[in-house]
1. What is the number of the single condition among (1) under 20 Å from VAL149 (Cβ atoms); (2) charged (D, E, K, R); (3) buried (at least 18 other Cβ atoms within 10 Å of the Cβ) that ASP19 does not meet?
2. Quick one: count up the residues across the range 123-153 that are charged (D, E, K, R) and under 19 Å from GLU56 (Cα atoms).
3. Residues LYS78, LYS134, LYS85: which one is part of a helix (DSSP H, G or I) and surrounded by 16 or more Cβ atoms within 10 Å (Cβ to Cβ)?
4. Select, from LYS141, LYS110, the only residue that is at pLDDT below 95 and either acidic (Asp, Glu) or part of a loop (DSSP other than H, G, I, E, B) (or both).
5. Looking only at the range 44-74, count every residue that is surrounded by 14 or more Cβ atoms within 10 Å (Cβ to Cβ) and closer than 24 Å to TYR117 by Cβ and tell me the total.
6. List pairs: first in the range 46-68 and without any contact (Cβ under 8 Å) to a residue 40 or more places away in the chain, second aromatic (Phe, Trp, Tyr) and part of a helix (DSSP H, G or I), Cβ under 7 Å, 6+ apart or cross-chain?
7. Given the options THR116, THR100, name the one that is in a strand (DSSP E or B) and either surrounded by 17 or more Cβ atoms within 10 Å (Cβ to Cβ) or among the polar types (S, T, N, Q) (or both).
8. Which one of PHE54, PHE61 is touching a Ser or Thr at 6+ places or on another chain (Cβ under 8 Å), assigned to a helix (DSSP H, G or I) and at pLDDT 95 or above?
Amino acid sequence: MTDQITPGAQAPDFTLPRDGGSDVTLSDMHGKQVVLYFYPKDDTPGCTKEGIAFSEAIDDFSAAGAVVIGVSKDTAAKHDKFIAKHNLKIILVSDAEGTTCEDYGTWVEKNMYGKTYMGIERATFLIDAEGIVKQVWRKVKVPGHSEEVLAAVKA
């Protein structure tokens, strides 16, 4: 696992396939703030609530000059179904190989019911218009998170 990213660091660039079939490259977002959030799996309870919360606030994020991008290891085709099912209004990218998760330090060992396994840690990175990490939230709890991130975007 890569060292964890901290505020002030250059955000690792990536190009990943997104919902709808095109690619997203982080450096192409230069000039906008980026809310980059990592989540474990499409269509699971916490991940669905998080996607809906960011989607419900997307107009506020856009008005503040920010783009919201969700990252998981699900395929772009699965993202398409997830977006359609829940009417999500955010960008979802597929990190099937886990390289971006590793670059951001979100591919971690987890423990559930006494079993350890590797998985994505729910985390959010606020990246400024110059590509510098402005703020990091790790081990995110979904309730109230999108509001907290929006407040940081507006700060």
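1. Status for ASP19: all satisfied but (1).
2. Qualifying residue count for the region: 3.
3. Working: LYS134 fails: part of a helix (DSSP H, G or I); LYS85 fails: surrounded by 16 or more Cβ atoms within 10 Å (Cβ to Cβ).
Criteria check complete, one pass: LYS78.
4. Values: LYS110 fails: either acidic (Asp, Glu) or part of a loop (DSSP other than H, G, I, E, B) (or both).
Exactly one of LYS141, LYS110 is at pLDDT below 95 and either acidic (Asp, Glu) or part of a loop (DSSP other than H, G, I, E, B) (or both), namely LYS141.
5. 11
6. Filtered contacts from the range 46-68: VAL68/PHE54; VAL68/PHE61.
7. THR116
8. Step by step, each of PHE54, PHE61 is checked, and only PHE54 is touching a Ser or Thr at 6+ places or on another chain (Cβ under 8 Å), assigned to a helix (DSSP H, G or I) and at pLDDT 95 or above.
The values are calculated or read from the model by the stated rules, or taken from the named source; none is laboratory data. Just so we're clear, the structure is a prediction, and the values are computed from it rather than from any experiment. Cβ coordinates were reconstructed from backbone atoms using ideal geometry, including for glycine residues, and neighbour counts include every protein chain displayed.
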